[in-house]
Each structure stands twice: as C-alpha cells, then as structure tokens.
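As structure tokens, the structure follows; a few thoughts come after it.
The values are calculated or read from the model by the stated rules, or taken from the named source; none is laboratory data. Keep in mind that what you see is a predicted model, and the values were worked out from it rather than measured. Here Cβ is always computed from backbone atoms with ideal geometry, including for glycine, and neighbour counts include all displayed protein chains. Please note that ligands, DNA and RNA were not included when accessible areas were found on the heavy atoms of the full protein model with its side chains. Shrake-Rupley method; radii C 1.70, N 1.55, O 1.52, S 1.80 Å.
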Amino acid sequence: QVQLVESGGGLVQPGGSLRLSCTVSGTFFGIRLMAWYRQVPGKQRTLVASITDWGRTTYVGAVEGRFTISRDDAKNAVYLQTNDLKPEDTAVYFCNVDVMHTEKDLVNYWGQGTQVTVSS
C-alpha cells in the first residue's frame, strides 16, 4: 500500500557531502513524522534526524550542525543534506515515516536503505 524509496547514497571522501532523498508513494491521507535512521552491521539502528509535519526538526548530537533534514509535502519526500562527512558517518541510512491512512490512523513504514561510505 505504501512504498518508500531512498536514493543519493554513495562513496565520498571525508569532508564531502551527499543529499539523500526518500520518496513515499501509495494511497494515504498524509504524512506526519518523517525521519532518517542509520545502521552499521552488528549494531542497533539509531535515529539521525526527524522532522514533524509542521517543520520542527531534531538531530542526534553527532550530526547537528552538519546535517539538515527537510521535507516537501507536495512531493511526499524527505531529504537529508549531509555535509562535512566523517568516516564515522559510514552506515546504511534508512527513511522512516508515519503515514496517515485516515484522519485518525497512523502506520509506520521503513525504506530499504541507502549506503553511505565515507573513506579516503
């Protein structure tokens, strides 16, 4: 019913930048919270950034000041601009959204993930 597709990952040098995109398709009333998570093999998936339907943003301390999350509700899309990338940012980045299937029903969905590798 709902599909999330991420793009924009890749291999970059330390100090470089990437813009991750996530587009939500399907049948739904709207989208509330949108977020980006990341995961390294063998470790827990952790929240990187989130943005509410009214534009309030949150960031994990390790990325604040370097990453920017934004959304375009006309396109049902959420973006993560990643600047000054560091090797420790290397991970699979996942899009996550709370979808309103009705005016009163929320369902959470995950994307398939996009790899970000920061290395010289």
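Out of all the residues in the range 104-113, is one or more open to solvent by 50 Å² or more (accessible area, probe 1.4 Å), among the polar types (S, T, N, Q), at pLDDT 95 or above and under 15 Å from the mean Cα position of the chain (by Cα)? Break it down into steps so the answer makes sense when it comes.
Keep residues of the range 104-113 that are open to solvent by 50 Å² or more (accessible area, probe 1.4 Å), which gives 104-106, 108, 110, 112.
Cutting the leftovers down to among the polar types (S, T, N, Q) gives us 108, 112.
Right, trim to at pLDDT 95 or above and you get 108, 112.
Filter again for under 15 Å from the mean Cα position of the chain (by Cα), leaving 108, 112.
The answer is yes, given that some residue of the range 104-113 is open to solvent by 50 Å² or more (accessible area, probe 1.4 Å), among the polar types (S, T, N, Q), at pLDDT 95 or above and under 15 Å from the mean Cα position of the chain (by Cα).
Take the range 17-29 and flag every residue that is within 14 Å of the chain's Cα centre (by Cα) and free of Cβ contacts under 8 Å to residues at least 60 places away in the same chain. Step through it out loud before you land on a result.
Of all residues in the range 17-29, those within 14 Å of the chain's Cα centre (by Cα) come to 18-24.
Scanning the range 17-29 gives Ser21, Thr23.
For first residues located in the range 2-16 and over 13 Å from Thr82 (Cβ atoms) and of a type in the set (Gly, Ala, Ser), partners that are in a strand (DSSP E or B) and open to solvent by less than 30 Å² (accessible area, probe 1.4 Å) and lie 6+ apart or on another chain with Cβ distances below 7 Å form the pairs Ser7/Ser21; Ser7/Thr114. Within the range 54-75, the residues that satisfy the criterion of being open to solvent by 50 Å² or more (accessible area, probe 1.4 Å) and in a loop (DSSP other than H, G, I, E, B) are Trp54, Arg56, Val60, Gly61, Ala62, Gly65, Asp73, Ala74, Lys75.
Being open to solvent by less than 40 Å² (accessible area, probe 1.4 Å), part of a strand (DSSP E or B) and among the polar types (S, T, N, Q) is true for just one of Ser21, Ser25. Which residue is that? It would help to see each step written out before you state the result.
Working: Ser25 fails: open to solvent by less than 40 Å² (accessible area, probe 1.4 Å).
The unique qualifying residue is Ser21.
For the range 90-112, filtered to residues that are outside any strand (DSSP E or B) and among the charged types (D, E, K, R), the residue that is nearest to Leu47 (Cα to Cα) is Asp105. Being at negative phi, in contact (Cβ under 8 Å) with a residue 60 or more places away in the chain and more than 12 Å from the chain's Cα centre (by Cα) is true of Arg32.
Leu85 passes every criterion in (1) in contact with a strand residue (DSSP E or B) (Cβ under 7 Å, 6 or more places away or on another chain); (2) under 19 Å from Gly111 (Cα atoms) apart from (2). Of all positions in the range 36-53, none carries a residue that is farther than 15 Å from Pro87 by Cα, among the small types (Gly, Ala, Ser), open to solvent by less than 60 Å² (accessible area, probe 1.4 Å) and outside any strand (DSSP E or B).
Where residues in the range 76-89 are assigned to a strand (DSSP E or B) and open to solvent by 30 Å² or more (accessible area, probe 1.4 Å), which of them is nearest to Thr117 (Cα to Cα)? Even if it seems obvious, please write down each step before you answer.
Residues of the range 76-89 assigned to a strand (DSSP E or B): 77-82.
Then drop every residue that is not open to solvent by 30 Å² or more (accessible area, probe 1.4 Å), which leaves 79, 81.
Numbers: Tyr79: 18, Gln81: 15 Å.
Going through the qualifying residues, I end up with Gln81.
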